[in-house]
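Written below as structure tokens is the structure these notes are about.
The values are calculated or read from the model by the stated rules, or taken from the named source; none is laboratory data. Note that this is a predicted model, so its numbers are computed, not measured. Here Cβ is always computed from backbone atoms with ideal geometry, including for glycine, and neighbour counts include all displayed protein chains. These area figures cover heavy atoms from the full protein model, side chains too; ligands, DNA and RNA do not enter into them. Shrake-Rupley method; radii C 1.70, N 1.55, O 1.52, S 1.80 Å.
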Amino acid sequence: MASLLAGRRLITKSGADAPSNALDNKVVLLYFSASWCPPCHRFTPILADFYDEVDSSGGNIEIVYVPSDRT
């Protein structure tokens with residue numbers, strides 16, 4: 001997955017540019033969503049809780065948000 005996203009600009013949740021090796025040796029989850037999507041609004045907090053739980057237990061995942069908005 002890291003090679004698929006190579007050369008793309010990835011941004012962390014804090015807004016900083018992610019390092020080029022941010023996805024190396026990680027299980028990468030792609031999350032396709034949009035700000036206008038009510039089911040997405042309900043699912044996003046659940047996904048965030050899942051990520052926090054996995055991350056705090058030493059899991060090795062990253063979630064890449066792929067927006068379906070126009071901007």
The answer for the net charge of residues other than residue 48 whose Cβ lies under 14 angstrom from its Cβ, with Lys and Arg +1 and Asp and Glu -1, is -3
Rounded to a whole number, what % of the accessible area of the chain do carbon and sulfur atoms account for, probe 1.4 Å?
57
Using only the Cα atoms, work out Rg/Rh for the chain, with Rh taken as the Kirkwood radius, to two decimals.
0.96
Computed for the chain: size of charge dipole around the Cα centre, +1 on C-beta of each Lys and Arg, -1 on C-beta of each Asp and Glu, debye to nearest 20, value 320
Please state the relative contact order of the chain as a whole percent: Cα pairs under 8 Å, 6+ residues apart?
36
Per residue, in Å², the accessible surface of the chain once ligands and nucleic acids are set aside, probe 1.4 Å
78
Which order do 20, 35 take when ranked by solvent-accessible area (1.4 Å probe, heavy atoms of all protein chains), largest first?
20, 35
Using all alpha carbons of region 1-40, what is the percent of pairwise distances in each 5 Å bin, ordered from the shortest bin to the longest?
5, 20, 23, 24, 15, 10, 3
Tell me the net charge near residue 10. Cut-off is 13 Å between Cβ atoms, residue 10 excluded, with +1 for each Lys or Arg and -1 for each Asp or Glu.
+1
In the neighborhood of residue 60, defined by Cβ-to-Cβ distances under 15 Å, what is the net charge if each Lys or Arg adds +1 and each Asp or Glu adds -1?
-4
